[in-house]
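Q: Please see the structure below; I have some questions.
Please treat every number below as a calculation from the coordinates, not as lab data. These numbers were taken from a predicted model, which means no experiment stands behind them. Counting neighbours? That spans all protein chains shown, and the Cβs are built from the backbone with ideal geometry, glycine included.
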Amino acid sequence: MAYTKRLDGRKKFDELRPISAKAGIIPRAHGSAMFQIGKTIAYAAVYGPRELHPKFMQNPKTAILRCHYSMMPFSGSGDRVRPGPNRRSKEISMVTEKSLLPVLDLSQFPNAVVDVFIELPQTDAGSRCAGICAASIALADAGIPMRDMVCAVSVGRVDDKIVVDLDYSEEAYDKGPVADVPMAMIPSTGEISLLQMDGEISKEQLIEALETGKQKLLEIYEVQKKALKEKYK
Amino acid sequence: MGEIKIKEKEVVVPGEVLATGMDCLPSYGTYRMGDDIRAAKLGLVRIEGKVVKITPLSGRYLPKRGDTIIANVYDIIMSGWLLKFNSAYHAMLSMKEATSRFIQKGADLTRIYALGDYVVCSITNVTSQKLVDVTMRGPGFRKLEGGRIIEVNTNKVPRVIGKEGSMVGMIKNATNCRITVGQNGIVWIQGEPEMENIAIDAIKKAEAEAHTDGLTDRIKEFLEKKLGKKIDLREHAPERRESPSQEHGFRNEDQGFRNQDNQDQYNDQDDDQQDDQNQQSD
């Protein structure tokens, strides 16, 4: 009955899928990055700081951050994903923006905008987390002043087990309750800048999941750091 | 006791701890959090005694007073020209600052600088809201005619120019091209088409490898290979007769040649205006 073995063959319940990341992959963007975790791939391109129009959106104290999350039509494992903004992608764009803003210092660029475009050519759950990881590398690559990187992963529970980095088969597990908790962390302070939840989880399980997630996020941070340093090898 | 955790010239990413202890001082591109000094930008670490700072490797151009830039005319308004220059902001070139000669009331401003023209100018003022004023009155400031425009990363401009202009001087002499590098990373190159290509390749190579050591030698080798002739570095010793703008890393062309150019340009414009007046009187 209980969930005893991970469906995709991972050995441990707190094991991440294989990760790879690369910075500076889109030459015409001011900063860009690719972040792959398992079968989920995210590309992020940063443009800016650049002039912001319409003018009423300008903030004379700082630049604003505009994130744009989009799944490509062929990216899902099921039906074609209808391209363009929809309820889900608008929400994810908004939470991505809010998870990245705490590390950014855009006060040097009043009235301007920093645009972040996140595209997902292939997804297998955890796409917003992959998007945030890619966007964070791309922002650093664009030379935007930032306090730290942001790393994200989803944690949660499948049946009675606390798991890290759920893939789609785990999210869709139907023999017991599932909870999916995407989280983002600022590694230097341990602050959480994104925390959402879908499903059922007890308080104790949630705390345990977040603590496990925090440990695992440091592994992702190392990958992000390596990706940026590799560019200048 | 403070301790510096990173080696000089190491690449660091935002958030990385550079030094610990209160006797180290955070400078450009770093910040203090508790006892630690951390990086606030992607860049190379510079350590000067107890001061830790970062030379950024990327980022867009931020206008600074005194910088000499190459800008593109994108709009003409009642009082002058609006220029874009590879930044989050645009610049205003007022009629008074555009040229030393008289501009008639109601004159057609496109005859002086038309839409799409590139000009070399200097930033005179930047407000807190990043309203940028530029001037074209002074030696070296002119409209760029012919040639090609390329863009390089603004943070790599000092390397592309080299110590006292040694790098760009070498490329100029080897390819026999006229080259002007703006602080904003826009580069103007004019010469024989083949030579322009080689100069562009050399500048792009210098930009890509800007963070490495021994760059001048590698660019010299590259040019020698492309041109099939030896380059004597002593020939390209830094020129001493520099205009004030040189201090900001901006490299002028041959002074005499330029002045003559300017003179011609102004004469042309005078003629144009004369024509205008004639037409009006007709």
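Q: Tabulate in residue order the Karplus-calculated ³J(HN,Hα) for the range A:141-152, using 6.51 cos²θ - 1.76 cosθ + 1.60 with θ = phi - 60°, rounded to whole Hz; enter x for Gly and Pro.
A: After applying 6.51 cos²θ - 1.76 cosθ + 1.60, I find 5, 7, x, 6, x, 9, 6, 6, 7, 10, 10, 9 Hz.
Q: Among A:136, A:77, B:94, which comes first, then next, by fewest other beta-carbon atoms within 10 Å?
A: On the way: A:136 33, A:77 12, B:94 15.
Lowest to highest Cβ neighbour count: A:77, B:94, A:136.
Q: Ok, one more. What is the magnitude of the charge dipole of the protein assembly as shown about its Cα centre, with +1 placed on the Cβ of each Lys and Arg, -1 on the Cβ of each Asp and Glu, and no other charges, expressed in debye to the nearest 20?
A: For this selection, approximately 800 debye.
Q: So who's got an amide H within less than 5 Å of the one on residue B:186, skipping anything under 5 residues away but keeping other chains? H placed 1.01 Å off N, in plane.
A: When sequence neighbours closer than 5 places are left aside, the close amide H contacts are B:70, B:152.
Q: Distance between the C-alpha centers of the range A:1-42 and the range A:197-217? Whole Å please.
A: A separation of 19 Å, based on Cα centres.
Q: Could you put A:15, A:171 in order, starting from the residue whose Cβ has the fewest other Cβ atoms within 10 Å?
A: Fewest to most other Cβ atoms nearby, the residues stand as A:15, A:171.
Q: What does the net charge come to around residue B:205 if you take all other residues with beta carbon closer than 14 Å to its beta carbon, with K and R at +1 and D and E at -1? It would help to have the intermediate numbers written out before the result.
A: Details: positive: B:156, B:159, B:204, B:218, B:220, B:225, B:226; negative: B:201, B:207, B:209, B:217, B:221, B:224.
Net charge around residue B:205: +1.
Q: Quick query: amide H of residue B:231 versus all other amide H atoms, modeled in the peptide plane; which residues come in under 5 Å with a sequence gap of 5 or more or a different chain?
A: Under 5 Å from the amide H of residue B:231 lies no amide H from a residue far enough along the sequence or on another chain.
Q: Taking every residue in A:133-143, how many Cβ atoms of other protein chains lie within 10 Å of its Cβ, on average?
A: Whole-number average of other-chain Cβ neighbours for A:133-143 is 3.
Q: Can you compute 3J(HN,Hα) from phi for each residue in the range A:5-16, using the Karplus curve 6.51 cos²θ - 1.76 cosθ + 1.60 with θ = phi - 60°, rounded to whole Hz and x for Gly and Pro?
A: 9, 5, 5, 8, x, 5, 6, 10, 6, 9, 8, 7
Q: Tell me, what ³J(HN,Hα) does each residue in the range B:23-35 have, in order and in whole Hz, if you take phi through Karplus 6.51 cos²θ - 1.76 cosθ + 1.60 with θ = phi - 60° and put x for Gly and Pro?
A: Working through the residues one at a time gives 8, 8, 10, x, 10, 3, x, 10, 8, 9, 10, x, 8 Hz.
Q: Can you give me the distance in nm between label points at residue B:163 and residue B:102, each placed 7 Å from the Cα along the Cα-to-Cβ direction?
A: About 5.1 nm separates the two model spin labels.
Q: Hey, any idea what Rg/Rh is for the protein assembly as shown, computing Rh the Kirkwood way over Cα pairs? Please report the intermediate quantities before stating the final value.
A: Details: Rg = 27.2 Å, Rh = 25.7 Å.
Taking Rh as the inverse mean 1/r over Cα pairs, Rg/Rh reads 1.06.
Q: Could you tell me what a quarter of the Cα convex hull surface of chain A works out to, in nm² with one decimal place?
A: That works out to 13.3 nm², a quarter of the Cα hull's surface.
Q: Enumerate the amide H contacts of residue A:75 below 5 Å, restricted to partners 5 or more residues apart or on another chain; note that Pro and chain-start residues carry no placed amide H.
A: A:81
Q: Give the average, rounded to an integer, of partner chain Cβ atoms located within 10 angstrom of each Cβ in A:222-233.
A: 3
Q: Calculate the spin-label point distance for residue B:217 paired with residue A:218, positioning each point 7 Å from the Cα along the beta-carbon direction, and give it in nanometres.
A: Between residue A:218 and residue B:217, the label points sit 4.2 nm apart.
Q: Report the residues of the range B:148-177 in range of a label on residue B:227: point 7 Å along Cα→C-beta, backbone N strictly under 19 Å from it.
A: B:148, B:160-177
Q: Less than 13 Å Cβ to Cβ from residue B:81, Lys/Arg counted +1 and Asp/Glu -1: what total charge do the surrounding residues give?
A: Numbers: positive: B:84, B:96, B:111, B:143; negative: B:75, B:97, B:108, B:117, B:133.
My count for the surroundings of residue B:81 gives -1.
Q: If R0 is 45 Å, what FRET efficiency do you get for residue B:27 and residue A:86 from their C-beta distance, rounded to 0.05?
A: With a Förster radius of 45 Å, E is 0.45.
Q: Hey, another quick one. Near residue A:38, within a Cβ-to-Cβ distance under 12 Å, what is the net charge of the other residues, with Lys and Arg +1 and Asp and Glu -1? Could you put the intermediate results ahead of the total?
A: Values: positive: A:6, A:10, A:17, A:39; negative: A:8, A:15, A:124, A:165, A:167, A:170.
Value of the local net charge: -2.
Q: Still on this structure, please answer the following. Please compute the modelled spin-label separation between residue A:59 and residue A:174, points set 7 Å along Cα→Cβ, answer in nm with one decimal.
A: The two pseudo-label positions are separated by 4.5 nm.
Q: With 10 angstrom as the radius, rank B:32, A:10 by how many other C-beta atoms surround their C-beta, starting from the fewest.
A: Arranged by neighbour count, lowest to highest, B:32, A:10 become B:32, A:10.
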